[in-house]
Amino acid sequence: MKRIAVACDHGGYELKLEIIAKLKEMGLEVTDFGCDSTDAVDYPIYAEKVCDAIVDGKADFGILACGTGIGMSMAANKRRGIRAACCSDMFSTKMTRMHNDANVLCLGGRVVGPGLACDMAELFVTAEFMGGKHEKRIAMFDETRA
Ligand code: RB5
């Protein structure tokens, strides 16, 4: 069973609840790393919790929600081994799994509605990485550059 780590800030709180319900309905193992209300919080703290779960091998994928999805993706992508994609459509969601082997999906609670977001979450955790020529490109992310 796939294990999904989920977190949000206040801007993504309502959307996160919808996504958690969807993932549980799919029979997946979901861990919610907060936040727990619409009170203002700092999104990098919550991005880090989900990244920790993935890097430590405790989760297969992460889903992060903030107001736009952008801040969460920027914070998550600071972490080695994390490939976070901020998406707001189905095609990008599918392609970022197939070509980029993204392991974190970032969504904007003020950008996408719950129906689309839940469909995207389902697609993200079920689409397969194509491998092949894409392996080499992804490996290049971890090369040190000036
Ligand atoms: C919070 O107001 C907002 O800045 C945050 O949710 C997110 O959109 C940042 O990228």
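The values are calculated or read from the model by the stated rules, or taken from the named source; none is laboratory data. No experiment lies behind these values; they were computed from the predicted model shown. Every residue, glycine among them, receives a Cβ derived from its backbone with ideal geometry; neighbour counts consider all protein chains shown. Surface areas here come from the heavy atoms of the whole protein model, side chains and all, with no ligands, DNA or RNA. Shrake-Rupley method; radii C 1.70, N 1.55, O 1.52, S 1.80 Å.
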Legend entry - Accessible area per residue in Å² at 1.4 Å probe, computed on the stretch 1-138: 48 Å²
Legend entry - Size of electric dipole in the stretch 68-145: Cβ of Lys, Arg +1 and of Asp, Glu -1, about Cα centre, debye, nearest 20: 340 debye
Legend entry - Sites excluded, trypsin sites (Lys or Arg not before Pro) in DSSP loops with at most 14 other C-beta within 10 Å, longest stretch of the chain: 3-57
Legend entry - 5 Å binning of all Cα-Cα separations within the chain, expressed as whole percents from 0 upward: 2, 11, 22, 24, 22, 11, 5, 2, 0, 0
Inset, instruction - Quick one: among Glu14, Glu135, Glu48, which has the greatest mean-square fluctuation in a GNM of the chain with alpha-carbon springs under 10 angstrom? - result: Glu135
Legend entry - Given charges at beta-carbon only (K, R positive; D, E negative), |dipole| of the chain in Debye: 560 debye
Legend entry - Apportionment of accessible area to carbon and sulfur, the chain, percent (1.4 Å): 51 percent
Inset, instruction - Can you check what the net charge comes to around Ser37, using other residues whose Cβ is under 12 Å from the Cβ of Ser37 (Lys, Arg +1; Asp, Glu -1)? - result: -3
Inset, instruction - For the stretch 90-146, just run the numbers: alpha carbon Rg, then divide by 2.2 N^0.38 Å, N being how many residues it has. - result: 1.31
Inset, instruction - Pick out, from Gly27, Met98, Leu15, the residue whose Cα sits farthest towards the positive end of the charge dipole of the chain, with +1 on the Cβ of Lys and Arg and -1 on the Cβ of Asp and Glu. - result: Met98
Inset, instruction - Mind running the shape call on the stretch 23-102? Use the C-alpha gyration tensor, a ≥ b ≥ c as the square roots of the eigenvalues: rounded below 1.5 for a/c, prolate if a/b tops b/c, oblate otherwise. - result: rounded
Legend entry - For the stretch 71-81, 3J(HN,Hα) per residue [Karplus equation, 6.51 cos²θ - 1.76 cosθ + 1.60, θ = phi - 60°, Hz, x = Gly/Pro]: x, 4, 5, 5, 5, 5, 6, 5, 8, 4, x
Legend entry - Neighbourhood net charge (14 Å Cβ-Cβ; Lys/Arg +1, Asp/Glu -1) for Leu23: -2
Legend entry - Cysteines without a disulfide-compatible partner [the chain; Cβ-Cβ under 4.7 Å]: Cys8, Cys35, Cys51, Cys66, Cys87, Cys118
Inset, instruction - Determine the sum of side-chain charges near Asp89: Lys and Arg each +1, Asp and Glu each -1, restricted to other residues whose C-beta is under 15 angstrom from that of Asp89. - result: 0
